[in-house]
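**Q** Right, I'll just put the structure down here and ask away after.
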Amino acid sequence: EIDVVTPAVFTLGAAYPNPFNPTTSITLDVSDAGNVNVSVYNLMGQMVSTLTEGYMNAGIYTLTWDASEQVSGMYLVRAETAGVISTKKLLLIK
């Protein structure tokens, strides 16, 4: 018997470490299987990175962002599935 933990809600966890340089990890709780998009945006609203995109089964995932090519500053990571959106702030300090 395999116990699979299925989160009750779709959420992004806190990034760790944050502030960070050059990489940070974020947990993603996917409550229902479906298409998921997790992207990072700068404060001007421009997408700078896609962490994951496509079909994901329900479960808990760890996503890592390597921001070594980005400038220092605040970024927003945005996760979306089936109309549910979760965002977190990330601070890159070089």
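**Q** What are the ³J(HN,Hα) couplings of region 65-78, residue after residue, when phi is run through the Karplus curve with 6.51, -1.76, 1.60 and θ = phi - 60°? Round to Hz, x for glycine and proline.
**A** Residue by residue, region 65-78 yields 10, 9, 9, 4, 9, 9, 7, 4, x, 8, 10, 10, 9, 10 Hz.
**Q** Just add up the charged neighbours of ASN21: K/R +1, D/E -1, any other residue whose Cβ is under 11 Å from the Cβ of ASN21.
**A** 0
**Q** Return the label of the correct value of semi-axes √(5λ) of the Cα gyration tensor in Å, as calculated from the structure shown, out of (i) 22, 19, 13; (ii) 25, 14, 10; (iii) 23, 14, 12.
**A** (ii)
**Q** Per residue, how many Å² of accessible area does the chain show with a 1.4 Å probe?
**A** 60 Å²
**Q** Can you give me the distance in nm between label points at GLU1 and SER25, each placed 7 Å from the Cα along the Cα-to-Cβ direction?
**A** 3.0 nm
**Q** Can you give the extra length, in nm with one decimal, that the chain gains between LEU91 and GLN46 once fully stretched, where that is 0.36 nm per residue apart less the Cα-Cα distance?
**A** Numbers: separation 45, 0.36 × 45 = 16.20 nm, distance 1.59 nm.
Computed gain between LEU91 and GLN46 is 14.6 nm.
**Q** Please report, as a whole percent, how much of the solvent-accessible surface of region 13-94 comes from carbon and sulfur atoms (probe radius 1.4 Å). Intermediate values should be presented prior to the final figure.
**A** Values: 2340 of 4590 Å².
About 51 percent, which is the carbon plus sulfur part of the accessible surface.
**Q** Here's something else I'd like to know. For region 28-44, just list the computed ³J(HN,Hα) in residue order, Karplus coefficients 6.51, -1.76 and 1.60, θ = phi - 60°, integers in Hz, with x standing in for Gly and Pro.
**A** 10, 9, 9, 7, 9, 4, x, 6, 10, 10, 10, 10, 10, 10, 8, 6, 8
**Q** Please list the non-local residues whose amide H lies under 5 Å from the amide H of VAL48, H modeled 1.01 Å from N, same-chain partners needing a gap of 5 or more.
**A** VAL40, TYR41, ASN42
The values are calculated or read from the model by the stated rules, or taken from the named source; none is laboratory data. Not measured: the values here are computed from a predicted model. So basically every Cβ, Gly included, is an ideal-geometry build from the backbone, and we count neighbours across all protein chains shown. Side chains included, ligands, DNA and RNA excluded: accessible areas come from the protein's heavy atoms. Shrake-Rupley method; radii C 1.70, N 1.55, O 1.52, S 1.80 Å.
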